[in-house]
Amino acid sequence: MKLENGIAPILEIKDLKKTFGGNEVLNGFNLELYKGENLVVMGKSGAGKSVMIKCLVGLMRANSGSIKIKDQDITQLRQEDLDILRTHIGFLFQGSALYDSMTVRENLLFPLRRHKKRLQLKEKSETLVREALSNVGLEHTIDLMPAELSGGMQRRVALARALILKPEIILYDEPTTGLDPITSKEIIQLMRNVQDTYDTSSLIITHDVDCARVISNRMILLVDGINYAEGTFPELSNSKDPKVQAFFKN
Ligand SMILES: Nc1ncnc2c1ncn2[C@@H]1O[C@H](COP(=O)(O)OP(=O)(O)O)[C@@H](O)[C@H]1O
Ligand SMILES: [Mg+2]
């Protein structure tokens, strides 16, 4: 399932294993993400999707396996280098995970304060905050508190925050979970706009079949701790394999 002629993936997971006590969650999981693609990973609840993404950003340590991002093995990096690498990655956590006690502006300033010097961004912080908010259609909420926003708006602010450093890679963990169908559609549309505008590479974890259909260029099904099946949405949804079919039945 290599996408393009000999081009190396921007992100690569090889033979990833992660256990908690006797619970084998990831059992040799593999994944390659190529530049500019939207790769969807689907798996049942508890399959290990969030564990996989946490290993990816170094929030959790795997038992074994390698994770390369932009040719650097993150399992071998020092904290300092990991921090630098993380500035290339936007991460939309499950839920919106905004800071409750900060305004929208302060939420967006947070990653900027941490990384601005290192990134040598020339624009003023306020300009970047406004630009990021206007990308998600929410410039008018800049002085509001998260509690004053609807769930969908909070998710959009979280997306703006993930984008403010103009990352090359965006990781989405269940971006539409808990949202009503109309708001889900809005978020999916925004994710597509982001990819068109910035040519980002996105890894999207979801169990939302509609989201996967609309957004994926390619998909991986995480079953029994491994990349059980890979292919496009039409390929997988027409599979005869019962374990694959199970994902597409309502
Ligand atoms: N910090 C942890 N300690 C122990 N078990 C965990 C921890 N995080 C996740 N797990 C277990 O790993 C499995 C996969 O969890 P998770 O990756 O969150 O699933 P999902 O695919 O729904 O995101 C579950 O059985 C969960 O109980
Ligand atoms: Mg999860």
Within the range 39-70, the count of residues that are among the charged types (D, E, K, R) and in contact with a Ser or Thr (Cβ under 7 Å, 6 or more places away or on another chain) comes to 0
Taking the range 18-36 and the residues there that are free of Cβ contacts under 8 Å to residues at least 60 places away in the same chain and within 20 Å of the chain's Cα centre (by Cα), the one that is farthest from Q72 (Cα to Cα) would be K18
With the structure loaded, tell me whether L85 is at pLDDT below 90 and in a helix (DSSP H, G or I) or whether it fails that test. yes
Scan the range 230-239 and give yes if some residue there is touching a residue at least 12 places away in the same chain (Cβ under 8 Å), of a type in the set (A, V, I, L, M), in contact with a strand residue (DSSP E or B) (Cβ under 7 Å, 6 or more places away or on another chain) and closer than 18 Å to K49 by Cα, otherwise no. no
Scanning the range 60-82 for residues that are in a loop (DSSP other than H, G, I, E, B) and free of Cβ contacts under 8 Å to residues at least 12 places away in the same chain gives R78
Within the range 42-54, considering residues that are of a type in the set (A, V, I, L, M, F, W, C) and in contact with a Phe, Trp or Tyr (Cβ under 9 Å, 6 or more places away or on another chain), the one nearest to ligand 1 (Cβ to nearest atom): V51
Would you tally the residues in the range 128-153 being part of a helix (DSSP H, G or I), surrounded by 14 or more Cβ atoms within 10 Å (Cβ to Cβ) and in contact (Cβ under 8 Å) with a residue 40 or more places away in the chain? 2
Just one of G178, G225, G231 is within 28 Å of E24 (Cα to Cα) and modelled with pLDDT under 90; which is it? G178
Within the range 37-80, residues of a type in the set (K, R) and either surrounded by fewer than 20 Cβ atoms within 10 Å (Cβ to Cβ) or more than 13 Å from the chain's Cα centre (by Cα) (or both) come out as K44, K54, R61, K68, K70, R78
Which of the numbered conditions does G178 fail, given that it passes all the others? Conditions: (1) in contact with a strand residue (DSSP E or B) (Cβ under 9 Å, 6 or more places away or on another chain); (2) within 16 Å of ligand 2 (Cβ to nearest atom); (3) part of a loop (DSSP other than H, G, I, E, B). (1)
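The values are calculated or read from the model by the stated rules, or taken from the named source; none is laboratory data. Since the structure is predicted, the reported quantities are computational estimates derived from the model, not experimental observations. Virtual Cβ from ideal backbone geometry, glycine too; neighbours counted across all protein chains shown.
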